[in-house]
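Student: This structure is in structure tokens; I'll ask about it shortly.
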Amino acid sequence: MGFYVAQLLTGLANASSLFLIACGLSIIFGVTRIVNFAHGSFYMVGAYLAYSIVALFPGSILGFWGGVIAAALIVGLLGLVVEMTILRRIYRAPELFQLVATFGVVLIIQDMAQAIWGAEDKLGPRAPGLSSAVRIMGEPIPEYDLALILIGPAVLAGIWLLFHRTRWGVLVRAATQDREMVGALGVNQAWLFSATFVLGAALAGLGGAIQIPRESVNLQMDLSVIGDAFVVVVIGGMGSVSGAFVAAVLISVLNAFAVLVYPQISIVLPFVVMAVVLIVRPYGLFGKEGSGHGAPTEPEQPLRLMSSRATLVLMALVFALAASPLVASDFASILLVDLMVATLFAVSLHFMMGLGGMVSFGHAAYFGVGAYGAAMAVSYLGLPMIPAMIVGPLAAAVAALFFGWFCVRLSGVYLAMLTLAAAQILWGVTFQSQEYTGGDDGIVGIWPASWATSDQAYFYVAFALCIGGIWFLRRVAHSPFGYGLRGVRDSDVRAEAIGMDVKFHQWMGFALAGTMAGLAGVVFAFSKGSVFPDVLGIGQSVDGLVMVLLGGIHALAGPILGAGVFVLIEDWVSRLDYWRFIFGMIILGVVLLAPDGVAGGVDRLMRALGLRREGQT
Amino acid sequence: MNVLEVRGLTKSFGGLVAVNDVSFDLGQGEFLALIGPNGAGKTTCFNMVNGYLRPDRGAVRLNGEDLIGVRPRDIVRKGVGRTFQITRTFLSMTVIENIQMALISHHGRMFDMLSRATRLYRDEAEALLRLVSMADQAERACSELAYGDLKRLELAVALAPDPTLLLMDEPTAGMAPSERVALMELTAKIVADRGVSVLFTEHDMDVVFAHAHRILVLNRGGLIAEGTGEDIRGNALVQEVYLGGGTSFGQAEADHA
Amino acid sequence: MKPMRRKILGALAALPMLGMIPAAAQAQEKIVIGEINSYTALPAFTEPYKKGWTLAMEEINAAGGVNGAMLEIISRDDTGDPSTAIRIAEEMISRDEAVMLFGGFLSNIGLALADFAKQKQVFFLASEPLSDALVWSKGNRYTYRLRPSTHMQAAMLAEQAAKLDKKKWATVAPNYAYGKDAVAAFKSELTKLQPDVEWVAEQWPPLFKIDAGSTVRALERSKPDAIYNVTFGGDLAKFVRQGSLRFLFEDRPVVSLLSGEPEYLDPLGDEAPEGWIVTGYPSMDIDTPEHEEFGAAYMERWGEAPKTGSIVGYNSVLSIKAALEKAGSTDTEAMLAAMEGLEVPSSPTGPFYYRAADHQATMGAYVGTTALVDGKPKMVDWFYADGANYLPSEEEAAKMRPAE
């Protein structure tokens, strides 16, 4: 009995840590609808700051807690800087565009933290006065764990009082329910958003600072925590602070007991729980259907077919691309293959996200299943390249049909989160099934057939498949099916009223996007000769999202531009020291100059230069 | 034969009976209004006819075919068009594309992945636009249209599959008075020309009395009166319900607007 | 939309130009070597490594280079992503004309680069990746590995563990290939030495996301006599803290892989556990003349004591130099021939050679016990375990490799 009580207390202490990280994220999302990728970075900075400040007062209880609070406040200030210099300028950008900016902030903070605090892990002191363990029912429980178990609910109570007993809190709650109404009440929205962002950032900083007696401060903290934080927020219901608390307790306590039975489970447990919750309760445990997403944005313009002159230019450029291996170096061909793969991946994501309005945070799943499908066809079935290239997209199609069936039942950020859960579960299974997938050692030896081994020959294979895929998706975008997807996105009620089967249409759109991502994955696998679980990972999905959003979600050319900019800049800057800082700055620059994405920026530039008539699209 | 037959339609939410034992018929080419004060159960009634809500009891038959349990989109396919109180259009498309979408869906080509959507059923779509006098706006983006034009566009979209029955929920809501008259005249003309039957709800009593062939009055979920404009005007019960006596319909309308 | 499209495709068309920039004119005879590692993803381990190979390169060039040519090492960050590593390798081979590649820290990147080397017929020296598969089940004729592998280090610890004569063992390792290999190797080696050993619990926390409290308690519940630990980095710090708070290590010896490496031991500060049996690198305490010379030069150049990565980086370049000298050319086949049984007679860690049968270097590791000396964590009572003693015979090893 004592053992289980102790395990429960351990779970509860973890829950408090998790709650502190997640509640800020939830508050920020609730009010501003920003999916803040930089939240993990705030958490990491909080931990580093606390480490540095607490070190000034060794052994002092006041110094420790003062340091923790000071760290949280400084992170709040950092949040204010980020909000005022970057996010405030792009609140009216298309939905989720702010995500790209926060991604840039993540990169910048990673390099700055390394420059300031160095690469080596930092182990902070234990909390003075709480540095040992007490015995409860004969089991040793760290005193600091007990303190955490109290701190979590205390912070929850503090937030509750703030939200229910202050005018500001009431406004925050109102904004979480219905942003337009708050705007209509004459509240200064900019101020409300800034204050919310500062509070959220400070809570993240507090979450990090309070961790220093438990773990070493290191440069991986930001990304290792952000996934779980999102899971907690989604399970609890986005914008619900008490929901985040319940979700944190649920996950942590489940994990504490699950490792006793099945030690490998931690890797997927949070995502399995999230998937189950979303399927049963589409808005999370305590969530309500929100009042839509970001600020109202300009409606998308109708699609136009290209003029014949533009088509000629385009054809010429495709021919130039086709001819490039004849004049360019081998490496240029290799880089172009990467570029084409990234572009097809981005175009397939844009197909479901831009045209279909189904945002995916886990599109890498289908890219990865395509890559693994082909790789396993080669290594287990001994298939040659071409048949394996057919197996890959088919496998991706099956996976997309399976997960898509659940996903299309949701919408907005919840759909996005379920796609993320699906991808993470697939990643976990791939990672875990060493016998079949090679685990994280991956599958190697997936090289092109002998006739296609040269860089030039493979370039043409990739060219045929990727440009073919991009062409096909563009064609579909102009077809009744593509129009139908846009119709469902614009108004599902109208779509139903003209006799469309809305969910089925979305499901098929999801499956097609997944299949084409799988095709990109196949081309990728043979170009690298190997596949590893990273291809299914969050990193790959985020890259795709950034490409699509950076390019501009409202234009068919957006993902093409976005992928091009992303791959070429990354290839270039990653040669430099502190490249993440530079890359992050470039992303922020693009975001601020072109809040409607590269495509929108190019469009406005053309108009400014008088190269395009007003109104032409 | 009646196009629509509604029998004993009943629906309650929790303890509240929203619609109680409502029965009526809608004949071929008839323009039938469903009116009543706020909360009378009009929208609930409407949504049971078009399939969005499943009644607790009762029957809805379209040309003799039972519609209970049939999904909204299948009801559409059986020849029921509808317009919305707040317009629902595909804002990222042009005017004509909105109509083409309805036609594509009607012809079962929604899963065609290779044709150009904008080249399909163009002539038919143009004809429908002419019908609502919007041919000159065919290529405009839907998001730029004035509200009245959106209403007319919705009418054209609803007519695209050549329905036998048109369900119009507050067709003139949110429009300027002069536009309301124009829209309803247009609707009445189309009803007459094409032999479509229309069931509509409406707040504007001028519109109702000017165009409806017959009027149903709903109050607290129950049908309290049925008849021509004359019958309804003279019905004491209706006056009582609407006005608590004394005032005219015109003022009631002003309260609702 | 039209001009937009023109713009992007214009950029696309211009792109091949990037690849056509001619290599800088050859001013001086030089040998270009490509180096790839996870500099941004794992800076704590790769920064000392870079300092190590930089020092070796500078020393060699100052002494006149190799075969009359200067060594030029072009180094790139793989961002922790195998596919990026492959792209960089392609670029180094096809554009920078690197004669060979070395580097790698993460096992998956090591395996990806090894397979790339095989496909493109390029010599690859895997410096840091520990995966056994690299030289055994997925070994190939183009790939050699310097650092003592997971199996070797686990075997070194198993030898010491057997002396403890503890019956019931529990293991904790990060849930990925390295952790699994390390546990499997330790189990098989210890079982050979002590057949009555019992494995009472195993815990597999996700890498860098350990729930240390729960893990410690799950281990405690099985009441093991001794514990084998494979966690490292941030996981190790959490595990040590929670373990000592909850008395997991009371009267319970711990055998811990790599934990004596300064990269992992130093951050623990005065909370470093005492008395753990570890593999690692006692750095400035090593008093062989070769190491003292290296240590002094390293201090002089970088102002800090060398770490494990430093020695791996340094020995990598020493190995490359030896191979180039023996081959007498930069031809791949000549270098591969030179690598077979290549001896590196003098290195800071002592002499070692590359086994012809499985391409594994016999460079060893230091085995000792952790202790706090003046509040600083250190390895004490250490000795150098020569890698050659912890490898299967060359005949057995050759059987583990795929036929070529």
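Student: If C:Lys166 satisfies all but one of (1) in contact with a Pro (Cβ under 9 Å, 6 or more places away or on another chain); (2) more than 11 Å from every other protein chain (Cβ to nearest Cβ); (3) in a loop (DSSP other than H, G, I, E, B); (4) closer than 30 Å to C:Glu333 by Cβ, what's the number of the condition it fails?
Tutor: (4) is the only condition that C:Lys166 fails.
Student: Just to check your reading of the model, which residue among C:Thr79, C:Thr84, C:Thr54, C:Thr46 is at positive phi, out of contact with any His (no Cβ under 9 Å at 6 or more places or on another chain) and within 14 Å of another protein chain (Cβ to nearest Cβ)?
Tutor: It is C:Thr79.
Student: Right, here's the next one. Just for segment B:68-82: of the residues that are assigned to a loop (DSSP other than H, G, I, E, B) and among the β-branched types (Val, Ile, Thr), which one is surrounded by the fewest Cβ atoms within 10 Å (Cβ to Cβ)?
Tutor: Ranking the qualifying residues of segment B:68-82, first place goes to B:Ile68.
Student: Picking from B:Pro171, B:Pro161, which residue would you name as being part of a loop (DSSP other than H, G, I, E, B), closer than 20 Å to B:Gln85 by Cβ and modelled with pLDDT of 85 or more?
Tutor: Of the residues listed, the single one that is part of a loop (DSSP other than H, G, I, E, B), closer than 20 Å to B:Gln85 by Cβ and modelled with pLDDT of 85 or more is B:Pro171.
Student: Considering each residue of segment A:534-561, count those that are within 11 Å of chain C (Cβ to nearest Cβ) and either in a loop (DSSP other than H, G, I, E, B) or over 30 Å from A:Val378 (Cα atoms) (or both), and give that number.
Tutor: Selection size over segment A:534-561: 11.
Student: Could you grab the pairs with beta carbons closer than 6 Å, sequence gap of 6+ or different chains, first residue in segment C:280-304 and surrounded by 13 or more Cβ atoms within 10 Å (Cβ to Cβ), second one among the small types (Gly, Ala, Ser)?
Tutor: Partner pairs satisfying both residue conditions: C:Gly280/C:Gly260; C:Ser283/C:Ala305; C:Met284/C:Gly295; C:Met284/C:Ala305; C:Glu290/C:Ser346.
Student: Next up: Please work out which residue is surrounded by the fewest Cβ atoms within 10 Å (Cβ to Cβ), limiting yourself to segment B:149-193 and to residues that are in contact with a strand residue (DSSP E or B) (Cβ under 7 Å, 6 or more places away or on another chain) and small (Gly, Ala, Ser).
Tutor: B:Ala188
Student: Looking only at residues in segment A:296-336 that are without any contact (Cβ under 8 Å) to a residue 60 or more places away in the chain and β-branched (Val, Ile, Thr), which one is farthest from the other protein chains (Cβ to nearest Cβ)?
Tutor: Only one residue fits best here, namely A:Thr311.
Student: Here's another thing I want to ask about it. Give segment C:297-336 a look and list any residue that's hydroxyl-bearing (Ser, Thr, Tyr) and in a helix (DSSP H, G or I), or say none.
Tutor: Across segment C:297-336, the qualifying residues are C:Tyr298, C:Thr308, C:Ser310, C:Tyr314, C:Ser316, C:Ser319, C:Thr332.
Student: Assuming A:Phe271 fulfils every condition listed in (1) under 20 Å from A:Ala6 (Cα atoms); (2) aromatic (Phe, Trp, Tyr); (3) within 23 Å of the chain's Cα centre (by Cα) apart from one, which condition is it?
Tutor: (1)
Student: Something else now. Identify all residues within segment B:83-110 that are surrounded by fewer than 22 Cβ atoms within 10 Å (Cβ to Cβ) and part of a strand (DSSP E or B); write none if there are none.
Tutor: Once the filter is applied, which keeps residues that are surrounded by fewer than 22 Cβ atoms within 10 Å (Cβ to Cβ) and part of a strand (DSSP E or B), segment B:83-110 yields nothing.
Student: Separate question: In contact (Cβ under 8 Å) with a residue 12 or more places away in the chain, in contact with a strand residue (DSSP E or B) (Cβ under 6 Å, 6 or more places away or on another chain), more than 10 Å from chain A (Cβ to nearest Cβ) and surrounded by fewer than 22 Cβ atoms within 10 Å (Cβ to Cβ) - does that describe any residue in segment B:47-54?
Tutor: Checked against the condition, which is being in contact (Cβ under 8 Å) with a residue 12 or more places away in the chain, in contact with a strand residue (DSSP E or B) (Cβ under 6 Å, 6 or more places away or on another chain), more than 10 Å from chain A (Cβ to nearest Cβ) and surrounded by fewer than 22 Cβ atoms within 10 Å (Cβ to Cβ), segment B:47-54 yields no hits at all.
Student: Quick check, is C:Trp204 at pLDDT 95 or above and either among the aromatic types (Phe, Trp, Tyr) or not assigned by TED's automatic domain parsing to the domain that holds C:Gly269 (or both)?
Tutor: Criteria not met by C:Trp204.
Student: Is it the case that segment A:2-12 has a residue that's of a type in the set (S, T, N, Q), in a helix (DSSP H, G or I) and within 14 Å of another protein chain (Cβ to nearest Cβ)?
Tutor: Yes, segment A:2-12 contains at least one residue that is of a type in the set (S, T, N, Q), in a helix (DSSP H, G or I) and within 14 Å of another protein chain (Cβ to nearest Cβ).
Student: For segment A:23-39, state whether one or more residues are under 28 Å from A:Arg135 (Cα atoms) and in contact (Cβ under 8 Å) with a residue 60 or more places away in the chain.
Tutor: No, segment A:23-39 has no match at all.
Student: Scanning segment A:506-544 for residues that are touching a strand residue (DSSP E or B) at 6+ places or on another chain (Cβ under 9 Å) and of a type outside the set (S, T, N, Q), which turns out surrounded by the fewest Cβ atoms within 10 Å (Cβ to Cβ)?
Tutor: Among them, the one singled out is A:Gly529.
Student: Are any residues in segment B:130-148 within 22 Å of A:Asp490 (Cα to Cα), more than 14 Å from every other protein chain (Cβ to nearest Cβ) and surrounded by fewer than 20 Cβ atoms within 10 Å (Cβ to Cβ), and if so, which ones?
Tutor: Matches in segment B:130-148: B:Ala146, B:Tyr147, B:Gly148.
Student: All but one of (1) within 10 Å of chain A (Cβ to nearest Cβ); (2) touching a Leu at 6+ places or on another chain (Cβ under 8 Å) hold for B:Phe90; which doesn't?
Tutor: The failed condition is (2).
Student: I would also like to ask the following. Would you tally the residues in segment B:25-56 being in a strand (DSSP E or B) and within 19 Å of B:Met205 (Cβ to Cβ)?
Tutor: 5
Student: Here is a further query. Give the residues of segment C:110-163 that are in a helix (DSSP H, G or I), crowded, with 24+ Cβ neighbours inside 10 Å, within 14 Å of chain A (Cβ to nearest Cβ) and of a type in the set (A, V, I, L, M), sorted by residue number.
Tutor: C:Leu111, C:Ala112, C:Leu113, C:Ala114, C:Ala117, C:Leu134
Student: Name every residue in segment C:30-64 that is touching a residue at least 12 places away in the same chain (Cβ under 8 Å), small (Gly, Ala, Ser) and not in a strand (DSSP E or B), in order of residue number.
Tutor: Once the filter is applied, which keeps residues that are touching a residue at least 12 places away in the same chain (Cβ under 8 Å), small (Gly, Ala, Ser) and not in a strand (DSSP E or B), segment C:30-64 yields C:Ser38, C:Ala41, C:Ala44, C:Gly52, C:Ala56.
Student: Right, next: Do any helices (runs of 4 or more DSSP H) lying entirely in segment A:455-533 carry at least 2 residues that are under 24 Å from the mean Cα position of the chain (by Cα) and at the interface with chain B (Cβ under 9 Å from one of its Cβ atoms), and which ones are they?
Tutor: Per the criteria, A:480-490, A:502-528.
Student: Give segment A:1-18 a look and list any residue that's over 10 Å from A:Ala256 (Cβ atoms) and crowded, with 21+ Cβ neighbours inside 10 Å, or say none.
Tutor: Selection gives A:Ser16, A:Ser17, A:Leu18.
Student: Right, something else. If you take the residues in segment B:114-147 that are part of a loop (DSSP other than H, G, I, E, B) and touching a Pro at 6+ places or on another chain (Cβ under 8 Å), which one is farthest from B:Ala158 (Cα to Cα)?
Tutor: Among them, the one singled out is B:Ser115.
Student: Quick one: in segment A:399-410, which of the residues that are touching a residue at least 12 places away in the same chain (Cβ under 8 Å) and surrounded by fewer than 22 Cβ atoms within 10 Å (Cβ to Cβ) is nearest to A:Met376 (Cα to Cα)?
Tutor: Filtering first and then ranking leaves A:Leu401.
The values are calculated or read from the model by the stated rules, or taken from the named source; none is laboratory data. Because the structure is a prediction, the values reported are computed rather than measured. Neighbour counts run over all protein chains shown; Cβ positions are idealised from the backbone, glycine included.
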